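The values are calculated or read from the model by the stated rules, or taken from the named source; none is laboratory data. Since we're looking at a predicted model, the values are computed, not measured. Don't worry about glycine lacking a Cβ; one is built from the backbone with ideal geometry, like all the others, and counts go over all protein chains shown. Each accessible area value is taken on the protein alone, full model and side chains, heavy atoms only, with ligands, DNA and RNA left out. Shrake-Rupley method; radii C 1.70, N 1.55, O 1.52, S 1.80 Å.
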Amino acid sequence: MEEGIAASSDPHSPDAVVNLLELCEGVSLKKRDRIVVELLVTERTYLESMNTLYQSYCQPLRDTIRASQGEDSSFPSATKELLDIYASIELIISVNTELCTSIEERIKKWHDRQLIADIFLRMADFLKVYKKYCSSYESSSEYIIAALRERQDLANFMRDANEKARRRMTVPSNVFSLLIMPVQRLPRYVLLFQELLGETSPTHPDYENLQQAVTKAKEISTHINEDVTTEEHRQKMIEIQGRFILSSLGLSKRTIIAPHRRYIREGTILLENTASVPGKFYLYLFNDILATAAIPSRWKPLRMIQELTSIISLQSAWIVEETDNDKLFLWKTADRCCFAVLTPEANYVFRCSSPEERREWTDAIGLAISSYLSVRPEFLSTRSVSFPMFNENNRWRFAPLQNPSLSYQMAKHVYIRNTPPACLMALQRSKTKKSNDKKIRRYTK
């Protein structure tokens, strides 16, 4: 047998791995063996951290709530939300304890043909318990930060809990350094199994298992990341919807919330082409819509009390900016800080604080339109039916192209810059038509 883990320690010793780690200073282990040891050592450290998180924070909070039930105290109600944050910790500890124990058993009986990746494959589906935890991690951390600023009783509890955690842990930690560990653990499995695969011969009995373990670990991480992103977007939409005062009061049913919708950016902006609603607006960009909201109060602390004024579909939207004559093609007061969004339903001219901010908005909106059309190519057919045409009244109005053969190709465009293309200039066609009409009348007299 080649030199390996079993050759360096008693395989029946409960402290086999610990002895190995002590032995590493004097004995050169094969790289594959060192990676296996690292897998176990990091798993033990991770479990120690999760147990500290549970015993120093979760369990005391739960005990406090149970002991305070029925008492006239605001502390229990404040900690209920924190208990929800930690709800999946017990399940994570259970799954990873089983994983760690199985790895330890294999290492105690280690030899050069020993399997290790099959354990992960057997436990992989159980690791999906991380989904709920990872989905709520960001909001959980934000809640704790806010609660610590607002509640002295909670701050006192956290201070005592942090002290207990520091005494328990080999490496000093606080609640935030512990909370992030489950988020970081899944990507670590990917890296460890990739390294182990690279040090394993294709003829090794664990080689195929390792290939599957790498693939499975990536799939789980990707799936959870996508779910986390979806949940973050959903929470962001709920937060934004809560800003709309009429909806909050039940006086409006308009909503920006949709299952497929993704948040991109937001910011204050002026609506240039209106005199009826003065003041700043708030502009929201999602993957499929723009939404504008009026800000009734000019007092900055009340800026997030808003009234949803319009929802603009990006499916048929066009952007006009940096033309040869902004006062003609955008609005009579427009300059390089302005851009227009044209749709069949209405046209909007927005004013930003600077040309640079304008470009940030138009780049983001243009990318959103292009991405939306690439995901839903069937929308190009709808988009190719009607185009923004600059008419004889110096207004943009949607109409079909005079040359239908250009429609599908033109529908792929998003921006109108410099001089608008001739096919979008109804004014030129109108002049030509009037000239032809005069000729016809002259010849028919």
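Once all protein chains are placed together, Glu378 keeps about 90 Å² accessible to a 1.4 angstrom probe.
With R₀ fixed at 22 Å, the C-beta to C-beta distance from Arg159 to Asn51 puts the FRET efficiency at about 0.60. With a Förster radius of 22 Å applied to the C-beta separation of Gln241 and Thr309, the computed FRET efficiency comes to 0.95. Measuring with a 1.4 angstrom probe and ignoring ligands and nucleic acids, Phe157 comes out at about 30 Å² accessible. Model label points for Gln211 and Val375, set 7 angstrom from Cα along the Cα-to-Cβ axis, are 3.4 nm apart.
Pairs to check: Lys30/Lys108; Lys109/Lys131; Lys30/Lys128; Lys108/Lys216; Lys30/Lys218. Give those whose C-alpha atoms are more than 24 Å from each other in this structure. Check vs 24 Å cut-off fails for Lys109/Lys131; Lys30/Lys128; Lys108/Lys216; Lys30/Lys218. The smallest convex shape that holds all Cα atoms of the stretch 292-351, its convex hull, gives 105 Å³ per residue. Working note: Karplus 6.51/-1.76/1.60 with θ = phi - 60° gives the stretch 174-181 the couplings 10, 4, 6, 5, 7, 4, 7, 4 Hz, where Gly and Pro are set to x. Restricting the calculation to Cα atoms, the stretch 328-396 yields a radius of gyration followed by a Dmax of 13.8, 37 Å. Listed values for the stretch 264-271 are Karplus-derived 3J(HN,Hα) couplings in whole Hz (6.51 cos²θ - 1.76 cosθ + 1.60, θ = phi - 60°), namely 10, 7, 8, x, 6, 7, 9, 8, and x replaces Gly and Pro. With every protein chain in place and a 1.4 angstrom probe, the accessible-area ranking of His233, His260, largest first, reads His260, His233. In this structure, the amide hydrogen of Ile416, modeled 1.01 Å from its nitrogen in the peptide plane, lies closer than 5 angstrom to those of Ile319, Val320, Glu321, counting only residues at least 5 positions away or on a different chain.
For the residue pair Arg395 and Met123, what label-to-label distance in nm results when each label sits 7 Å from Cα along the Cα-to-beta-carbon direction? Going from the Arg395 label point to the Met123 one covers 6.9 nm.
Backbone phi angles across the stretch 213-219, fed through the Karplus curve with coefficients 6.51, -1.76 and 1.60 (θ = phi - 60°), yield HN-Hα couplings of 5, 4, 4, 5, 4, 5, 4 Hz in residue order; Gly and Pro are listed as x.
Per-residue surface analysis assigns Val183 an accessible area of about 50 Å², computed on protein heavy atoms at 1.4 Å probe radius. Note on surface exposure: Lys236, Lys30, Lys128, Lys109 rank Lys109, Lys128, Lys30, Lys236 by accessible area, highest first, 1.4 Å probe.
The amide H of Gly267, built 1.01 Å from its N in the peptide plane, has Leu283 as neighbours under 5 Å, considering only residues 5 or more places off or on other chains.
The accessible-area ordering, largest first, of the residues Ser297, Ser221 stands as Ser297, Ser221, per a 1.4 angstrom probe. Pairs over the 29 Å Cα-Cα cut-off, from the set Lys253/Lys332; Lys327/Lys412; Lys236/Lys332: Lys253/Lys332; Lys236/Lys332. Label the stretch 146-251 by shape, choosing from rounded, prolate and oblate, from the square roots a ≥ b ≥ c of the eigenvalues of the Cα gyration tensor; if a/c is under 1.5 it is rounded, and otherwise prolate applies when a/b is larger than b/c, oblate when it is not. Oblate, because a/c is 1.5 or more while a/b does not exceed b/c. The stretch 27-61 and the stretch 308-384 have Cα centres lying 52 Å from one another.
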